[in-house]
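Before any comments, here is the structure.
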Amino acid sequence: KNVLMKLKEVSGWDKPLPAGWGRGVAQYEFFAGLAGNVVVVSKKDKGVKIEKIYSVIDMGTVVNPDTVKGQVEGAVVMALTAAIKGGIKFDKGQTLQSNFHDNPLVRINELPEVEVHIIANGGPVIKGAGEPGLPPFAPALCNAIFAATGKRIRRLPFDIKTLV
């Protein structure tokens, strides 16, 4: 509940968006931590543009906030890459991609603003910072796309520039 309440506070999800815009939210919890994302998109030409990403992570105890922020931002980059880039393909049990030249990551100019918020209420357990930020991103993005366009995304990766 704390993550969702913080996401609501920082993203303003209870405020209306302009026509053609959408907001999506998702949260994920597992043994290493808890995180959530709100993604805001707008319709552009035949696709959508990601306007902003809000990420909240519940860490319990935080040793270095800058490292946590970097880990969450990196998780968003990896998750966005998995959602909208070509992905890894196989042929006869072998990968067709060999490195980043034929399976590129999202570049800095493709990344919207990412706002990271850390909940650090203390406690005896230090939780993971890298893993929890990745799983909720694609569901939040797909929920935002549905809110903006009425189109459900059923497969990843997809071309964000040609959705509508």
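The values are calculated or read from the model by the stated rules, or taken from the named source; none is laboratory data. Owing to the predicted nature of the structure, the values given are computational and were not obtained by experimental measurement. Note that each Cβ is placed from the backbone with ideal geometry, even for glycine, and that neighbours are counted across all protein chains shown. We work out accessible area using only protein heavy atoms, side chains counted, and drop any ligands, DNA or RNA first. Shrake-Rupley method; radii C 1.70, N 1.55, O 1.52, S 1.80 Å.
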query = Given (1) assigned to a loop (DSSP other than H, G, I, E, B); (2) in contact with a strand residue (DSSP E or B) (Cβ under 7 Å, 6 or more places away or on another chain); (3) open to solvent by 60 Å² or more (accessible area, probe 1.4 Å), where does Val62 come up short, assuming only one miss?
reply = (3)
key: Ala35 being part of a strand (DSSP E or B) and open to solvent by less than 10 Å² (accessible area, probe 1.4 Å)   = yes
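May I ask you to verify whether Val48 is touching a strand residue (DSSP E or B) at 6+ places or on another chain (Cβ under 7 Å), within 20 Å of Pro136 (Cβ to Cβ) and either among the hydroxyl-bearing types (Ser, Thr, Tyr) or in a strand (DSSP E or B) (or both)? Walk me through how you get there before you give the answer.
On the way: touching a strand residue (DSSP E or B) at 6+ places or on another chain (Cβ under 7 Å): yes; within 20 Å of Pro136 (Cβ to Cβ): yes; either among the hydroxyl-bearing types (Ser, Thr, Tyr) or in a strand (DSSP E or B) (or both): yes.
Yes.
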ask   = Does Ala147 satisfy the condition of being at pLDDT 85 or above, within 22 Å of Ile57 (Cβ to Cβ) and of a type in the set (Gly, Ala, Ser)?
value = no
message = Condition check: open to solvent by less than 70 Å² (accessible area, probe 1.4 Å) and touching a helix residue (DSSP H, G or I) at 6+ places or on another chain (Cβ under 8 Å). Does Val68 satisfy that?
response = no
remark   = In segment 137-163, anything of a type in the set (Val, Ile, Thr) and surrounded by 13 or more Cβ atoms within 10 Å (Cβ to Cβ) is listed as Ile145, Thr149, Ile153, Ile160
ask   = Which of the residues belonging to segment 39-59 are open to solvent by 10 Å² or more (accessible area, probe 1.4 Å) and not β-branched (Val, Ile, Thr)?
value = Lys43, Lys44, Asp45, Lys46, Lys49, Glu51, Lys52, Tyr54, Asp58
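If you go through segment 116-136, how many residues are outside any loop (DSSP other than H, G, I, E, B), closer than 20 Å to Met78 by Cα and open to solvent by 50 Å² or more (accessible area, probe 1.4 Å)?
Selection size over segment 116-136: 1.
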